[in-house]
Amino acid sequence: MVEAAVVAQWRRQHAAERDRLIADYQARRRAGALLRGLSGAADRLLRQVWRAHDLPAGSALVAVGGYGRAELYPHSDVDLLILIDDRLPAAEEARFEPLIGLLWDLGLTVGHSVRRGTECLTEAAADITVQTNLLESRLLAGDRALYDRFRRDFAAHLDPWAFLEAKRLEQRNRHGRFADRALLLEPNLKESPGGLRDVQTASWVCQAAGLPADFRGLATAGLLSAAEARLVATRLGLLNHLRIRLHLAANRREDRLLFEFQERLAAELGYRAGGGRRASEHLMQRYFQAARDLSLVNEFILGGVRERLRADLGAAAIAGRPGFITRGDRLDINGPDLFERRPSAILDAFLVLQEQPALRGFTTTALRALWRARDRVDAGFRRQAGNRERFIALFRQPHGLTLVLRLMHRLGILGRYLPAFGRIGGQMQHDLYHIHPVDEHTLMVLRNLRRMAMPEYAHELPFAHRVMREFAHPDRLYLAALFHDIAKGRGGDHSVLGMADARRFCRAHGLDHGEADEVAWLVGEHLALASTAQKQDLADPDVIAAFASRCGSLERLTALYLLSVADIRGTNPAIWNSWKDKLTRELYLAARRHLEGEAPQADQVEARKEEARAGLRLYGYQDGAEVRLWQQLDDIYFLRHEAQEITWHTRRLLPILGRQEIIVRARLAPIGEGAEVLVYAPDDAALFARICGFFSGMRYSVLQAHLHTTRDGHVLDTFLVMDEQSRVAYRDILNYIEFELAARLTACAPLADIPPGRLPRQLKAFPLQPEAMLSAGVDASTWLLTVTAGDRPGLLYDIARLLGRHGVIVRSARINTLGQRAEDVFVVAAGGLAQPEVRLAIERELIATLA
C-alpha cells in the first residue's frame, strides 16, 4: 500500500508539470511539444506508480490508443493495457486492483483493461477498434520480453488488406453518422470528415501495410509529394491547436467546436473581425478549408495503399476520349502528366465521368493528378473559348452534375474556375437558420434541384417533381443555383451583386441575352417567392397580382418556384415542413392562375362557397343550412380558407350558433403535419394572447393564425400548430387541446408569465438584434406589424400580451420560424395607430420585450 503522503506528492508534482507544460504552450504555441510533453508527464507518473506496487512477474504496463502514439491532449483519456502472461494464475490478477484505484486518485482519467496475450489477439481479430488500439501500443513498464513476444504475435496475425478494408468501412460509417454535422457550423474536430480521426486512419493503414506512419516518410515512399506532406502538417497543426484550446476553454474533454467557444478560440489564435465578418467566421473558414484538404489527403493515402496491396486492375480505353481509361468502376488517366501537357483535359475528365454513368469516380492516381494540376486553372485557362464550352457543358449533361461539382470543389478546381465561388468556401452564416457554410449550402441547393428531376426521388416532393419534369431549361436553374449566394460576405445586397456576376458569366459562356437575363433574374429574385409566401396574405388578390407581375412570365414563375423550394430545403432540413410546402405551392398556383387569366375576386368567393356547399352535402346537410353562419362572415374569410376548411368550420359551428359559450375544436392538419385548431367565442381583447399562452405552455409552435370577427360579435379564429419535438402523436393530443383550451378561455384568468425555456446555444453565442416595425396595411383600417427576433419559447405570447395591453387587435398572424430566427408578420388594427408617437412607443416596447 502506497502511503497517502506519497500519493499527494505525486499528484502535486504531476499537476505542477501539467501546468508548466500548458503555460509553455500558451507562451510559445507549440502544439506538438505540448502533446508529447503531457504524454511524457503521464509516462513518468505511471512508471513511479508501477514500481511502487508489488506486482507479479510476467506482467507489463502498456500505453495504447492516442496515448500509445505519445499524443495526449489536456483532457484526453489515458488508455492503458495491463498485459499479463498466459501462464499467470488467475488469482494473481487481483494484485492489480489497488494500482487501478490509485490512478484515479491521482487525477488521471484512465481507460484500462487487463488482458492476457492470447485474449488480446482474439479480441483484436474480432474487433477492428481493439486491433487499432493495440497497433500503436508502447511499453511503459514491466516485462519487456513479454511485451516483445506480444508485438511479434500481433504483427503475425495482422492482415494488411483486411485491416484496410475494415478501416475504410469504419470510416464510411463514421462519416455517415457525422454527415449532418460534418459541414455544419459546429464540427467535431475529431470525428467529422477531414478531422483528426481521418488523419489517424491514414496513419494506421500505413503502419499495418508496413509503410511509414508519418507524412514525411510517406512522401519518401511515394504516397505523397513533399508539398502535400507539408500541407498536411500545416492543416493538422491548426486542428491540433483548436483541440488543445477547446479542451482548455471547456475544462473538460470537448471535441465539438461549439458556438460558445468559437469567438474565444478565434481571439486566442489571433483572428480579428474584419470585412463585415466576425473573428470566429474567419477562423471557421480556415477550419473548413483545412478539413477539406485533410479529407482529400486521407482519400489519396487509403487509395494509394489499396492500389499497392491489390492486384492491378486491367485498363480499358474509352472511345473518342484519348488520354482517359477505365480501371474497374473508376476513371483513370493514361499518363501522370496528362493535365500538365493538356490543361483542358482537366474539364474533359469531369465530362467523361458524366458521360459514363457506370463509373463511380476517379482512381487515386487521377485524383492526385487533378489536385496537383489545379493551379493550371488560371485566368488564361478561364478565357479560352474551349474551356468555357466544356464548363457550361457540365450543366447540360443528363447525369452526374452533383458528383462532378462536388469533386471539383473538393479538388479546388471549382473555386479556381470561379474565383467568386472560391471566396465563399467555408464561409460561415450566423443567421440562425443556415446550417451549412455558403459553399456547401450552394452545392446542397444544386443537389436538391437534381433530385427533383430524378424519378427515384419523386416521393420526396411529388408536386415539385412534376413541375421540374415539365421545365424546359433545367441548365439555367442549375446556373442560378450556383450563383444565388455567390456574393455573400462582400457587403451590400448579395442578390444584386450575384445578379451582376451571373449575367457576366452567362454572356462570357455563350448564353444569349435572353438566357443570361433569365439566370440573372433568378439570382436577383431568389428570395422573393419564399418571402411572399411566408410573410404576406395569400388570400389578398393584390398580393398575388403584384407577385405575378414581378415574375412576368410563367417560365420565370416556374423556375423561381423550383429554385425557392430547393433553396429552403438546402438551408436547414428542420426548416422545411409540410406547411412551407403548402405555402410555396399555394403561391405558385395562385400566381400561375393570375398569369393565365384568373377569375375576378367575387367569382373566386362564389366558387369557394359552392365547393364548400358540395362538401356539406356529403355530410347530409341540406342546401341553405349554411346561411345562418355564412351571413355573419365577410369575403376575406372565404378567400383565406380553402373549401374543405370552410366545410369543417361550418359543420362544427352550425349546431351551437347563438349560444354564448366558447367552442374549441381540433383535428389533424390536412397538410399532413401538425394540428388545426378552431376557436369560436364572444369577442375579447385578450383572447388571442390567452390562446398563444396556452400553446406556449405546451411548447407548441403556432405557424399561422387567421382571426375573423363575425357580424354578431363573435371571433372565429383558426390556428395551425406543431410540436417541433414530436413528443406525442397529434391524434393523441386533440381531445386535450379541445378540453383544456376551452376551460382556460372560459376561466378568463389574468395573463400570467410563462417560465422561459432554455435559450438555444447559437442564440446565446450570436444574439440577434430584434426588430419591430409598424407600417400601413392594405386598407386604411389596418396596419402591418413585422417582427424579427431570435426564436424562443413564449415569444409569440409575449408579443400578443404586449399588443393586448395597448388595445391592438390582431386580425391575422403569419409565423415564420427559420431555425432559431423568428420572422413574424401580423395584420393589426387599433384607432391610435394612426398617430406616429403611438406606433413608435409600441415598436420600442416590443424591441425591449424581445431583447
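Just a few scattered comments:
- Using θ = phi - 60° in the Karplus curve 6.51 cos²θ - 1.76 cosθ + 1.60, the 3J(HN,Hα) couplings for the stretch 350-366 round to 6, 5, 4, 4, 5, 6, 10, x, 6, 7, 9, x, 9, 5, 4, 4, 5 Hz; x is entered for Gly and Pro.
- Alpha carbon Rg of the stretch 678-802, scaled by the compact-globule rule 2.2 N^0.38 Å: 1.16
- Label point 7 Å beyond Cα of residue 260 along Cβ direction - residues of the stretch 228-254 with amide nitrogen under 11 Å: 250-251
- Over the residues of the chain, the helix contribution to mean residue ellipticity at 222 nm works out to -17000 deg cm²/dmol, using -39500 (n - 2.57) for each DSSP H run of at least 4.
- Qualifying trypsin sites (Lys or Arg not before Pro) in the stretch 1-110, DSSP loop, other Cβ atoms within 10 Å at most 12: 87
- Here the calculated FRET efficiency for residue 13 and residue 660, from their Cβ-Cβ distance with R0 = 60 Å, stands at 0.15, rounded to the nearest 0.05.
- Amide H contacts of residue 110 (H built 1.01 Å from N, under 5 Å, at least 5 apart or other chain): 78
- Residue 535 versus residue 28: modelled label distance in nm, points set 7 Å from Cα along the beta carbon direction: 5.6
- Cβ-Cβ distance of residue 668 and residue 88, R₀ of 60 Å, FRET efficiency by 1/(1 + (r/R0)^6): the value works out to about 0.35.
- Most to least packed among 232-244, 522-534 [average Cβ atoms within 10 Å]: 522-534, 232-244
- Hydrodynamic radius of the stretch 489-557 per Kirkwood, over alpha carbon pairs, in Å: 13.3
- Net charge over other residues, Cβ less than 11 angstrom from the Cβ of residue 791 (K, R count +1; D, E count -1): -1
- nm² value of the averaged projected area, convex hull over the Cα atoms of the stretch 201-256: 4.4
- FRET efficiency for residue 500 and residue 469, using Cβ-Cβ distance with R0 set to 35 Å, rounded to 0.05: 0.65
- A simple spin-label model places the labels of residue 316 and residue 47 6.0 nm from each other, with each point 7 Å out along Cα-to-Cβ.
- The apolar share of the surface of the chain, taken as the fraction of accessible area on carbon and sulfur atoms (1.4 Å probe, ligands and nucleic acids excluded), comes to 50 percent.
- The chain - accessible surface per residue (Å², probe 1.4 Å): 43
- Cα principal axis extents for the stretch 380-475, largest first, Å: 43, 39, 18
- Net length gained if the chain between residue 769 and residue 627 were fully extended (0.36 nm per residue, minus Cα distance): 46.2 nm
- For residue 324, the residues 5 or more places off, or on other chains, whose built amide H falls under 5 Å of its own are 318, 334.
- Put a dot 7 Å past the Cα of residue 214, heading toward its Cβ, do the same for residue 77, and the two dots end up 2.8 nm apart.
- If the segment from residue 805 to residue 36 were pulled out straight at 0.36 nm per residue, it would be longer than the present Cα-Cα gap by 270.4 nm.
- Of the listed residues 161, 521, the order by accessible area with a 1.4 Å probe, largest first, is 161, 521.
- Computed from phi, the 3J(HN,Hα) profile of the stretch 113-124 under the Karplus parametrisation 6.51, -1.76, 1.60 (θ = phi - 60°) reads 8, 10, 9, 7, x, 5, 5, 4, 5, 5, 5, 5 Hz, with x in place of Gly and Pro.
- Computed from Cα atoms alone, the Kirkwood hydrodynamic radius reported for the stretch 262-377 is 16.6 Å.
- Over the chain - Rg/Rh using Cα atoms and the Kirkwood inverse-distance radius: 1.04
- Top positive-direction residue, dipole computed over the chain with Cβ charges, set 124, 248, 27: 27
- Evaluated on the stretch 33-105, the Kirkwood hydrodynamic radius is 13.2 Å, with distances taken between all distinct Cα atoms.
- Highest average packing first - 622-630, 301-309, 840-848, Cβ atoms within 10 Å: 301-309, 840-848, 622-630
- Gain on full extension, evaluated as 0.36 nm per residue between residue 406 and residue 118 minus their Cα-Cα distance, stands at 99.0 nm.
- Amide N of the stretch 822-839 lying under 13 Å from the label point, which is placed 7 angstrom from the Cα of residue 542 along Cα→Cβ: none
The values are calculated or read from the model by the stated rules, or taken from the named source; none is laboratory data. Worth saying up front: this structure is predicted, and the values here are computed from it rather than measured. Neighbour counts are summed over all protein chains in view; Cβ atoms, including those assigned to glycine, are modelled from backbone coordinates with ideal geometry. The protein model used for the area step is the full one, side chains on, heavy atoms only, and it has no ligands, DNA or RNA in it. Shrake-Rupley method; radii C 1.70, N 1.55, O 1.52, S 1.80 Å.
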